[in-house]
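Structure record follows, encoded as structure tokens.
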Amino acid sequence: MNRKNHWESVYETKSVDQVSWYRDHLDNSLQMILNTNVSKDAAIIDVGGGSSTLVDDLLQHGFADVSILDISGKALENSKERLGQKSESVEWIEADITQVSLPENHYDVWHDRAVFHFLTDENDRRKYVELVKKSLKVGGHIIVASFGLNGPKKCSGLDVVQYSPDSMHHEFGKSFELVKSISETHETPFNTTQEFIYCYCRLTQN
């Protein structure tokens, strides 16, 4: 199955607020980013943030260097249309996170809600972690949200990997210091609930 074709089909056939992971605002993500105390000119990348409103909230809080990466061009277009002229201040990256090349030692904050748990292949997870270590500054912050151990085993017809804070930290390894983890009960648009866990780590060495 072609990953890109799958996600383009999802965003072509479903409205933004009719996918299970939709939230009006990613409150926990935003608060964790604010709690890093990075400056307003910090370089922030949101992986899988195509149609998410996190970019709106980051711009509203004055962050000036925001990049949004998503495999789906349609998802990115949704956000560009929503933001209008404000979209010109954002870097939009249409790419598969396991194949993309990103600038080295560049980002202060890496955020990912619900991409990493789709990487069921160990080699894909290794590529992801190596990319983070390459493109995140030493001392930089990474926030990853994924399905918890009591969360779904599949999403959008695809298998996922469930995580605890410890198993998530294990995937990233000793170069990352686990600073904080929280759990979230996400209410879907279909009146069901999903367990997410958020892990916030700092990169201590490349």
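If you go through segment 105-154 one residue at a time, how many are in a loop (DSSP other than H, G, I, E, B) and among the aliphatic types (A, V, I, L, M)? Before you say what the answer is, go through the steps one by one.
In the first step, residues of segment 105-154 are kept if they are in a loop (DSSP other than H, G, I, E, B); the result is 105-106, 114-115, 119-121, 149-153.
Filter again for among the aliphatic types (A, V, I, L, M), leaving 114-115, 119, 149.
The qualifying residues number 4.
Mind checking which residues of segment 182-191 are at pLDDT 80 or above and surrounded by fewer than 18 Cβ atoms within 10 Å (Cβ to Cβ)?
Ile182, Ser183, Thr185, Glu187
Can you tell me which residues in segment 155-181 are closer than 19 Å to Ile44 by Cβ and either modelled with pLDDT under 95 or assigned to a helix (DSSP H, G or I) (or both)? Quick ask: steps written out before the conclusion?
Keep residues of segment 155-181 that are closer than 19 Å to Ile44 by Cβ, which gives 172, 176, 179-180.
Listed by number, the list holds a single entry, Phe172.
Considering only residues of segment 44-72 that are in a loop (DSSP other than H, G, I, E, B) and in contact (Cβ under 8 Å) with a residue 60 or more places away in the chain, which is surrounded by the most Cβ atoms within 10 Å (Cβ to Cβ)?
Checking each candidate, the answer is Gly49.
Could you list all residues from segment 107-150 that are surrounded by fewer than 20 Cβ atoms within 10 Å (Cβ to Cβ), within 14 Å of His169 (Cα to Cα) and among the small types (Gly, Ala, Ser)?
none
Filter segment 78-126 for residues that are of a type in the set (A, V, I, L, M) and either more than 18 Å from the chain's Cα centre (by Cα) or under 23 Å from Gln205 (Cα atoms) (or both) and give the result. So that I can check it myself, show each step before the final result.
In the first step, residues of segment 78-126 are kept if they are of a type in the set (A, V, I, L, M); the result is 83, 90, 93, 95, 97, 100, 102, 109, 114-115, 119.
Across segment 78-126, the qualifying residues are Leu83, Ile97, Val100, Leu102, Val109.
Would you please name the residue that is farthest from the chain's Cα centre (by Cα), looking only at residues in segment 11-24 that are at pLDDT 70 or above and closer than 13 Å to Glu187 by Cβ?
Residues of segment 11-24 at pLDDT 70 or above: 11-16, 23-24.
Cutting the leftovers down to closer than 13 Å to Glu187 by Cβ gives us 23-24.
Numbers: Arg23: 14, Asp24: 16 Å.
Filtering segment 11-24 for residues that are at pLDDT 70 or above and closer than 13 Å to Glu187 by Cβ, the one farthest from the chain's Cα centre (by Cα) comes out as Asp24.
The values are calculated or read from the model by the stated rules, or taken from the named source; none is laboratory data. Please read these numbers as outputs of a predicted model, since none were measured by experiment. Using ideal geometry, Cβ is built from the backbone for each residue, glycine included, and neighbour counts are taken over all protein chains shown.
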